[in-house]
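The values are calculated or read from the model by the stated rules, or taken from the named source; none is laboratory data. The structure presented is a predicted model; accordingly, all values stated were derived computationally and were not measured. Methodologically, a virtual Cβ is constructed for each residue, glycine included, from the backbone with ideal geometry; neighbour enumeration extends over all protein chains shown. Remember, those area values only see protein heavy atoms, side chains included, never the ligands or the DNA or RNA. Shrake-Rupley method; radii C 1.70, N 1.55, O 1.52, S 1.80 Å.
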Amino acid sequence: MKKSYIPLFAVAFALAGCVTNQTGIDLPFLSSIPDEGKYIDTVAVPEIKPFSAEEIHQAKLEVLANSKGIAPLGGLQDYAQTVLDKIIATSPEPTRSVKVYLLANASAGAMALPENMIFLHHSVFNYLQSEDQLAFVLAHEYSHVILQHNPDSLLRSLRPYLVTAVDVAVSRSGGGDQTRKAFQLYGSDILTRDLLLPVWDRADEREADHMGVDLMVRAGYNPTEADRFFEVLDKYEQQYDNLFQDTRNQLEKQLSAEFDATQKNNDNALLNQVLTEFSDALTSLQDKFADRHGEAKERAEAIFAYNMREYSAMRRTSVQTQNFTNLVKENRDILHKYDVANGIMAALQKEDENIDFRALEKEARIAVSGDTSTHPYVRWAFANLREKQGERKKAIQNINLVKSEDYLPLPFEIKRAVLQDSLGETDIAVSRIEAVAAYYNWPIEAYEFLYPRVKQSGNSVRANELVMGCTVRYPQQRALCSGMRGN
């Protein structure tokens, strides 16, 4: 087994930080940016690529299957849409009709899908300071759409394998139930940020930065706020990551110990094969990570220089803060409840003896009170608290209270099914996950849940169908899928 994949695992989880080129020489990813003049005046905007309603629906489902869903913050989402529409109105032809969604996630992040969608983490309204900064974020993401940048699908396709392989390793190691639950908590937001976000080519990222500045200026915003955005983003990411550092350390220590132990004995052929495939999969990403996404500092320096060159006069224009500040103030109570929920999740990662359940329950009741009583993000925190307390029925009740038109985000559905199974309601749980799996196009988490329970029920035909279906859909995980037969 290769010795290099522990640091690669850390790289995968630190994707948002990215890898800095250390050569000190000019790199080809800068070649698309003109030495003089604005990037927007030199780039050729491609013709619009049409997407069917089904393609758009499936792209949105992929996001929902790997997150805690859309944050029902209508006023904030509408505001972001208004800012984007201003940007679109002054952008080069042909323009795209792009929809903005607020994703329930407290980490710093935003992403664009080629299918004319932009997802902002709800936390943008916690760390951004002006409408101009929001305009840069949206203009940057919209640039990916109009330039038809093709995100590298490798990481998104690999995400289920990473999650599953690590879960298998931890569950079969000496870490026990505490480590598994810590990983689930850690992964809830961090994985969404690091492993769901599209992996843009570094040149594409630089083009989106420059096009984003050009677009925000055309729409009447101050380019200085693009410079400040990177400072604000860096500060918030450090603050957020500090909340989860204990669990990050715990998880990586456990994985390192497990991998070292695996190299010393061959008692578990399946586990060895899974970990070998995991190692090979991560190793294959090394070259791709080596020249992606410049660090925030590097990108900020490039944008500052570009702004000084092209927009020195515009830097003296006013910054639009009043509407942004007023809207955040109007929604401060709801955003605070989301912050409380995030704090609960961080607290639950501590050792049991250090958790003040009474205080956390008081906080959780505040988080789910009033307008947020059916919001997924706060109910997720309360459900995890109840599970940690051993109150599985109450954990299910919290999940059941989440408002949704169709199925809940996949993490909610899987957690509820696991809890129902533990209470002896296996038939109900299996029936629901069969439907959920079809709705979300059979994510591997559904196979993991269904196979052992279907096999235990005596339905060998359906159990074999699940193994074959898993292997066909996830050939890079054939060891894991085939190993389901031994569960």
Sort out for me the Cα centre separation of region 417-475 from region 74-129, rounded to whole Å. 35
Added length on full extension, which subtracts the Cα-Cα distance from 0.36 nm per residue, Asp339 to Glu434: 30.8 nm
Across every pair of different alpha-carbon atoms, what Kirkwood hydrodynamic radius in Å does region 376-487 reach? 14.7
In 10 Å bins starting at zero, report the fraction of Cα pairs in region 35-75 per bin as a rounded %. 20, 25, 23, 26, 5
Accessible-area composition of region 335-381, carbon plus sulfur, in percent [1.4 Å probe]: 46
Given a Förster distance of 25 Å, report the FRET efficiency between Thr426 and Ser404 from their Cβ-Cβ distance, rounded to the nearest 0.05. 0.60
Dimensions of region 41-107 along principal axes (Cα, Å, largest first)? 39, 27, 21
Determine ³J(HN,Hα), in whole Hz, for all residues of region 206-212 in sequence, where each value follows from phi through the Karplus function 6.51 cos²θ - 1.76 cosθ + 1.60 and θ = phi - 60°; x replaces Gly and Pro. 5, 4, 5, 4, 5, 5, x
Would you mind checking Lys49/Lys297; Lys60/Lys455; Lys38/Lys60; Lys362/Lys403 for any pair whose Cα atoms are more than 30 angstrom apart? Lys49/Lys297; Lys60/Lys455; Lys38/Lys60
What are the ³J(HN,Hα) values, in whole Hz, obtained from phi via the Karplus relation 6.51 cos²θ - 1.76 cosθ + 1.60 with θ = phi - 60°, for each residue of region 55-61 in sequence order, with x given for Gly and Pro? 5, 5, 4, 5, 5, 5, 4
